[in-house]
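A.B. asks: After the C-alpha cells below, expect a handful of questions from me.
The values are calculated or read from the model by the stated rules, or taken from the named source; none is laboratory data. Quantities reported herein were computed from a predicted structural model and do not represent experimental measurements. We place every Cβ from the backbone using ideal geometry, glycine too, and count neighbours over all the protein chains shown.
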Amino acid sequence: MQLVLLNSFVNAVISSTNNQLSIVTLKTDKGNIIIELYPECAPKTVANFVKLVETGFYDGLSFHRYVKDFVIQGGDPDGTGTGGPGWTIPGEFQDAKLRKMMPAHEKGVIAMARKPSPNSAGSQFYICLNEDTSGYTHLNGSYTTFGRVIEGIDVIDQLREGDIMNEVTHKFQELDN
C-alpha cells in the first residue's frame, strides 16, 4: 500500500512540475535556506522528500550531524542519525540514466543519507558544505543527489549540530519564460 501511495505521489509531483520549479524552504534560527528540487533526476526521492515536507515531518527536527568543510545532515526524528520515517526508498543513483542527470556533490547540493544498503534512505538528507569537490568524489554515483541550495548558502555555512529546522515548506514556482 505504501508503494502505491508513493507511486501516485511521484506521478503528481512530476506532472505538476511542467514549467514550474519545485522549491523547499528550510527556516532556521540562522536564516532561510531555499532549495530547488530536481524531480527529473530523482523522481521517487523528490516525491518522498516533498511528501515528508508537506506532512510537517521535518518541522522542529534538528541537524544531528555536522562535519566541518563536508556536510550538515538532518531529517532524523530521533536526532541520533539512526531514525527515519518508517519506510525506505530505492537509491535512484543505481539507475544509470537517472545518475547521469544528478548533480555532482559540491557546495549546496542536497542528497539522501542512507545506511550501507543502497535502498535504505528514508528521511535523512545532507547538504554539501565545501566548494572543493575533491572531498566528495567517493560519494558521486553512490548517493542520490536531488536538489541544490539556490538561496541561503551563507546560512548553511553557519549551521551546526543541534540547530533546528523550525519549519520546512514546499511550493511550486512558475518558470520565467
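A.B. asks: Across segment 65-117, what is the number of residues that are basic (Lys, Arg) and touching a Cys at 6+ places or on another chain (Cβ under 7 Å)?
C.D. replies: Counting residues in segment 65-117 that are basic (Lys, Arg) and touching a Cys at 6+ places or on another chain (Cβ under 7 Å) gives 1.
A.B. asks: Among the residues in segment 60-71, are any of a type in the set (Ser, Thr, Tyr), assigned to a loop (DSSP other than H, G, I, E, B), at pLDDT 95 or above and out of contact with any Phe, Trp or Tyr (no Cβ under 9 Å at 6 or more places or on another chain)?
C.D. replies: Within segment 60-71, not a single residue is of a type in the set (Ser, Thr, Tyr), assigned to a loop (DSSP other than H, G, I, E, B), at pLDDT 95 or above and out of contact with any Phe, Trp or Tyr (no Cβ under 9 Å at 6 or more places or on another chain).
A.B. asks: List the number of the failed condition for Thr145; all other conditions in (1) surrounded by 19 or more Cβ atoms within 10 Å (Cβ to Cβ); (2) farther than 25 Å from Thr28 by Cβ hold.
C.D. replies: The one condition Thr145 does not meet is (2).
A.B. asks: Among Met102, Met112, which is modelled with pLDDT of 95 or more, crowded, with 19+ Cβ neighbours inside 10 Å and under 22 Å from Met165 (Cβ atoms)?
C.D. replies: It is Met112.
Quick grid of which residues meet (1) out of contact with any strand residue (DSSP E or B) (no Cβ under 6 Å at 6 or more places or on another chain); (2) at negative phi; (3) assigned to a loop (DSSP other than H, G, I, E, B):
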{"site": "Trp87", "(1), (2), (3)": "yes, yes, yes"}
{"site": "Pro103", "(1), (2), (3)": "no, yes, yes"}
{"site": "Pro118", "(1), (2), (3)": "yes, yes, yes"}
{"site": "Ile127", "(1), (2), (3)": "no, yes, no"}
{"site": "Ser134", "(1), (2), (3)": "yes, yes, no"}
{"site": "His138", "(1), (2), (3)": "yes, yes, yes"}
{"site": "Arg148", "(1), (2), (3)": "no, yes, no"}
{"site": "Val168", "(1), (2), (3)": "no, yes, no"}
{"site": "Lys171", "(1), (2), (3)": "no, yes, no"}
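A.B. asks: Quick one: which residue in Val46, Val10, Val53 is at pLDDT below 95 and either buried (at least 18 other Cβ atoms within 10 Å of the Cβ) or touching a His at 6+ places or on another chain (Cβ under 6 Å) (or both)?
C.D. replies: Val10
A.B. asks: Could you tell me which of the residues Arg99, Arg114 is over 24 Å from Ile153 (Cβ atoms), assigned to a loop (DSSP other than H, G, I, E, B) and in contact with a Gly (Cβ under 7 Å, 6 or more places away or on another chain)?
C.D. replies: Going through Arg99, Arg114 in turn, the sole match is Arg114.
A.B. asks: Within the set of pairs 6 or more residues apart or between chains, which connect a residue that is more than 13 Å from Met102 (Cα to Cα) inside segment 18-42 to a residue that is at pLDDT below 95 and of a type in the set (Ser, Thr, Tyr) with Cβ atoms less than 9 Å apart?
C.D. replies: Pairs found: Ser22/Ser16.
A.B. asks: I would also like to ask the following. Kindly evaluate Arg160 against the criterion of being more than 19 Å from Val46 (Cβ to Cβ), at pLDDT 95 or above, of a type in the set (D, E, K, R) and touching a Phe, Trp or Tyr at 6+ places or on another chain (Cβ under 7 Å).
C.D. replies: Considered against the rule, which asks whether it is more than 19 Å from Val46 (Cβ to Cβ), at pLDDT 95 or above, of a type in the set (D, E, K, R) and touching a Phe, Trp or Tyr at 6+ places or on another chain (Cβ under 7 Å), Arg160 comes out as yes.
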